[in-house]
Protein chains: 4
Amino acid sequence: MGNNLLKGKRGIIFGALNDMSIAWKVAERCVEEGATVTLSNTALAIRMGTTTELSEKLNAKLIPADATSVEDLEKVFAESMEALGGKVDFILHSIGMSPNVRKKRPYDDLDYGLLNQTLDISAISFHKMLQVAKKMDAINDWGSVIALSYGAAQRTMYGYNDMADAKAMLESVARSFGYIYGRSQNVRINTISQSPTVTTAGSGIKGFDSLVDFSDRMSPLGNATAAECADYCVVMFSDLTKKVTMQNLYHDGGYSSMGMSFRAMEQYIKSFEGLTDEQGNIIYG
Amino acid sequence: MGNNLLKGKRGIIFGALNDMSIAWKVAERCVEEGATVTLSNTALAIRMGTTTELSEKLNAKLIPADATSVEDLEKVFAESMEALGGKVDFILHSIGMSPNVRKKRPYDDLDYGLLNQTLDISAISFHKMLQVAKKMDAINDWGSVIALSYGAAQRTMYGYNDMADAKAMLESVARSFGYIYGRSQNVRINTISQSPTVTTAGSGIKGFDSLVDFSDRMSPLGNATAAECADYCVVMFSDLTKKVTMQNLYHDGGYSSMGMSFRAMEQYIKSFEGLTDEQGNIIYG
Amino acid sequence: MGNNLLKGKRGIIFGALNDMSIAWKVAERCVEEGATVTLSNTALAIRMGTTTELSEKLNAKLIPADATSVEDLEKVFAESMEALGGKVDFILHSIGMSPNVRKKRPYDDLDYGLLNQTLDISAISFHKMLQVAKKMDAINDWGSVIALSYGAAQRTMYGYNDMADAKAMLESVARSFGYIYGRSQNVRINTISQSPTVTTAGSGIKGFDSLVDFSDRMSPLGNATAAECADYCVVMFSDLTKKVTMQNLYHDGGYSSMGMSFRAMEQYIKSFEGLTDEQGNIIYG
Amino acid sequence: MGNNLLKGKRGIIFGALNDMSIAWKVAERCVEEGATVTLSNTALAIRMGTTTELSEKLNAKLIPADATSVEDLEKVFAESMEALGGKVDFILHSIGMSPNVRKKRPYDDLDYGLLNQTLDISAISFHKMLQVAKKMDAINDWGSVIALSYGAAQRTMYGYNDMADAKAMLESVARSFGYIYGRSQNVRINTISQSPTVTTAGSGIKGFDSLVDFSDRMSPLGNATAAECADYCVVMFSDLTKKVTMQNLYHDGGYSSMGMSFRAMEQYIKSFEGLTDEQGNIIYG
């Protein structure tokens, strides 16, 4: 069904939990395009989710690892190169979690131990992954690495909390390491800034459904789905995008370039029904 | 009442129509801060508006001119330097108008003659102003020039139409000429991207009131007023901001860095009342 | 040799002059990926260049047209749909020229008649193309349109002159029309901001060779070539990037995210040889 | 000598080491403008530097504190409010340090313990400062907070290392907390992205002198000095910029909007002398 865009390529997909996960779709699509892959997630996520199914379906080795552990990452790269028969060509980092959000700590009452965890899991893990890969010389020349990000890195979303800071740092790591790994081995590193996507991870955020609705009405093409994101990842892993690096790529149906759409405003105006006078002016207070 | 921030400085304020105009407030505040100014607007605007009052109040010469005419601009600079007794130190460009918007031509049915007018009035006039000033050597070293812009230059607002393209070009002119005029005479050139402001100009835009409401709820500090914009212009004209140039400066209560606020989302959610099931989920279709 | 990424798709390529042109490479690659295309350029360009060769090679109808003329554009779409047997799926706009640059008018001595031409050729032509297409319903749902841009739209390059303003406007048109055409027919519209590329168009710019050298040393992956740009266009025309719209996509080996590279600085430092004291400090004046 | 812009206002200045420090100049200028301030720095910095002198000169209480310690920050706010006789109106965060840079760990061989320190000192300290202030209700309504940043947050500078990631996070904290503190008490929070400045902190970075030279030649107004930065801080602390928040404000003589200047390119071209053939073409290899 695919176009052989990744024929003969090897990759590692971090962060597939279940079939709602973007990483899950990416793994499937990469294989469809001719790649062989390994999968990695934490032992806990593997127990809670259904990654094992995916592993079987794709005949892809599943390597439990904590992406905040340099040792574990070394193991992932070593075992992946062995399983795949050589250095890898692409990597997906789809990892992010805020214990502060989980524990409902608002942004002005953060627990700093938990903030360190948010950063370690969601941003520093990306640096560790790249540093380990580079030290082990685990990525082929002209390899491609993607991390998934979100628009809150640029514009504050209420409730997204310390994840916004983690995503801003994640995107910075992509630039900083993109320079280093680009000049030495032509490895390109980008982030994809995806529409709010209904996944297990996304569903933890306050008022998420309404945000998804608003975002969908704002975007001329509607929100991007996980499956569409997988297509975009395939393209970014392929040899057709060799000179794109250090970028944050919006994959959001146009949302990031919208100030206000007719559809979103039309809906917004409905909120004032019963609150307007005969002339249709909003009655405040 | 002021702080003598512009003591002894001379300026030209383009675009004051009536006391709702940002340019009107800027003129008042500049004088309050110790500057002497001249005013300019089209002959038509002077007839329709009340700029003459402002001219009398501030004892400021009013020079009718079409800012799309190089000759007229030459006259404005010549007469201003004469009236003020020397080269000018600051200029405000508060000029913008779309005949396509006026004639209700949607963006996919533009009249290209009118588009040329939109660009000429709203963007090229700024280049002409600067080119005329430079040729006449009409601005003192370390002078400061500001043009008013709007966030639609970066993110599409439905109904803003070809003004978005004009504002994008206006901001580019500020950068392009900021380089040229900066390196030769240290003149700095910036744009201020202001909250949607209820002025005579703003009120022509479709659904403007609701946009103002949304923008106000999105911005942690609320929309910026015309009076507050005047304060910001004073600061940018003063010697305290000498190394700020070629920038687009958001003056918008934080709006430009907001993805979604609690207040705006709270209001948005009200629009679904009667459209939700018992669990509070939105019922589509 | 291709991947059938554009199998069965129809497209129009504007702006191929000769085999150095990006548009030339794009046309070739699109056909290689299974598309059928028509070509268009001005009558003058067709005489001066070698587009006819390309037309024969690709068996692609060549339609002479001035992209600033609505009538000519109507002809291009009508003849393309006839030649290709249906509505088109993709369009490349690779058109730009500044008569002010040609006539060596510096940015502070622009001829405003020529500025209008710069804008008309380099930016408004894109709007005309889209408006004509939409009125004729000439693009299929989920079609993809790309215009080529350059980083001077964001950051001033000496010598790039009024083309910077034209490119800023071009990118704005992509956003503005991207919203309109997206919400009605899911057509996506993007610009690609390409490395400085040694083409016939690029070679007119002052100091261009040194800029190309600097840019190459700054970019971790080096400058992107015309052939690589063609690959990227293929990807953006394919169904794998359906939710990317209203974006300016940097295709530049990382340049746009670089502040300073070791290689560029190493070269820069050489310029001071003979100008440094024993400690290696720069001796000024 | 000032303009009474901060008359009656109270502030805290973090990070003055010696009279080259930006924070030092800011403290001086704030007092000159009518403010009373306290100073804070680490015990070590106070011993190494000359902050005590500044404290005496300005009659400003000096409060030793480690800005990574919540307890210490609580002490700074408590003692400041007592010394100044009320809540504060403005705060300067001029704190940043990378132990990885100090220990010459390249970006692809970071020590992760040291990275945590870089983040804690340079970015998280800003969050702690704001969280402590908000919990203690230590900032007056419409107060203003500034942190100093650098362009490496957006564009990679070789040698700047993990400080780039820290600055990206710092700017994100300004946005995230700017929303929270803005909506509750109208406190505005911004970062100023300053030209490379020859301070004790700046001088640790590799090739810094040449970078300063390049940056100066690129900027139409030249690099911004520490004294000019102090002026800009005064303006941002004053009541004239009340609606500017969540912004990263470039104070850099235009650098951030420059792609290439004639002066920088002229210098760059000199580096090829002796490397060009008779036609002036660069001879590679």
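The values are calculated or read from the model by the stated rules, or taken from the named source; none is laboratory data. Since the structure is predicted, the reported quantities are computational estimates derived from the model, not experimental observations. Counting neighbours? That spans all protein chains shown, and the Cβs are built from the backbone with ideal geometry, glycine included.
Values computed for the structure shown
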| quantity | calculated |
| --- | --- |
| Subset of segment C:230-254 that is of a type in the set (A, V, I, L, M) and within 7 Å of chain A (Cβ to nearest Cβ) - its residue that is nearest to C:Ala168 (Cα to Cα) | C:Met246 |
| Unmet criterion (only one of (1) aliphatic (A, V, I, L, M); (2) away from chain D (no Cβ under 13 Å); (3) farther than 24 Å from A:Ile192 by Cα; (4) surrounded by 20 or more Cβ atoms within 10 Å (Cβ to Cβ)) for A:Leu110 | (2) |
| Close pairs from segment D:128-156: first farther than 19 Å from D:Ala230 by Cβ, partner of a type in the set (Asp, Glu), Cβ under 6 Å, at least 6 apart | D:Gln131/A:Asp108; D:Val132/D:Glu74; D:Lys134/A:Asp108; D:Asn140/D:Asp89; D:Ala153/D:Glu171 |
| Some residue of segment C:230-247 being assigned to a loop (DSSP other than H, G, I, E, B), touching a helix residue (DSSP H, G or I) at 6+ places or on another chain (Cβ under 7 Å), polar (S, T, N, Q) and without any contact (Cβ under 8 Å) to a residue 40 or more places away in the chain | no |
| Only listed residue being assigned to a loop (DSSP other than H, G, I, E, B) and of a type in the set (Lys, Arg), chosen from D:Lys25, D:Lys7 | D:Lys7 |
| Subset of segment A:131-160 that is over 16 Å from the mean Cα position of the chain (by Cα) and facing another protein chain (nearest Cβ under 8 Å) - its residue that is surrounded by the most Cβ atoms within 10 Å (Cβ to Cβ) | A:Thr156 |
| Complete set of residues in segment D:59-76 that are under 23 Å from D:Cys229 (Cα atoms) and either crowded, with 22+ Cβ neighbours inside 10 Å or of a type in the set (Gly, Ala, Ser) (or both) | D:Ala60, D:Ala67 |
| Among residues of segment C:170-190, those that are over 19 Å from B:Arg105 (Cα atoms), surrounded by 24 or more Cβ atoms within 10 Å (Cβ to Cβ) and at the interface with another protein chain (Cβ under 8 Å from one of its Cβ atoms), counted | 2 |
| Which numbered condition A:Ala123 fails, given (1) more than 14 Å from every other protein chain (Cβ to nearest Cβ); (2) touching a Lys or Arg at 6+ places or on another chain (Cβ under 9 Å) | (1) |
| Answer residue from segment B:220-229, given it is without any contact (Cβ under 8 Å) to a residue 40 or more places away in the chain and facing chain D (nearest Cβ under 7 Å) and is surrounded by the most Cβ atoms within 10 Å (Cβ to Cβ) among those | B:Ala224 |
| Residue that is surrounded by fewer than 24 Cβ atoms within 10 Å (Cβ to Cβ) and at the interface with another protein chain (Cβ under 7 Å from one of its Cβ atoms), where the choices are C:Asp213, C:Asp165 | C:Asp213 |
| Some residue of segment B:77-90 being at pLDDT 95 or above, buried (at least 23 other Cβ atoms within 10 Å of the Cβ), touching an Asp or Glu at 6+ places or on another chain (Cβ under 7 Å) and more than 14 Å from chain D (Cβ to nearest Cβ) | no |
| Filter pass, D:Met265 being without any contact (Cβ under 8 Å) to a residue 24 or more places away in the chain and either at the interface with another protein chain (Cβ under 8 Å from one of its Cβ atoms) or in a loop (DSSP other than H, G, I, E, B) (or both) | yes |
| Hits in segment D:113-152 (condition: in contact with a Leu (Cβ under 9 Å, 6 or more places away or on another chain), among the aliphatic types (A, V, I, L, M) and within 25 Å of A:Met246 (Cα to Cα)) | D:Leu119, D:Ala123, D:Ile124, D:Leu148 |
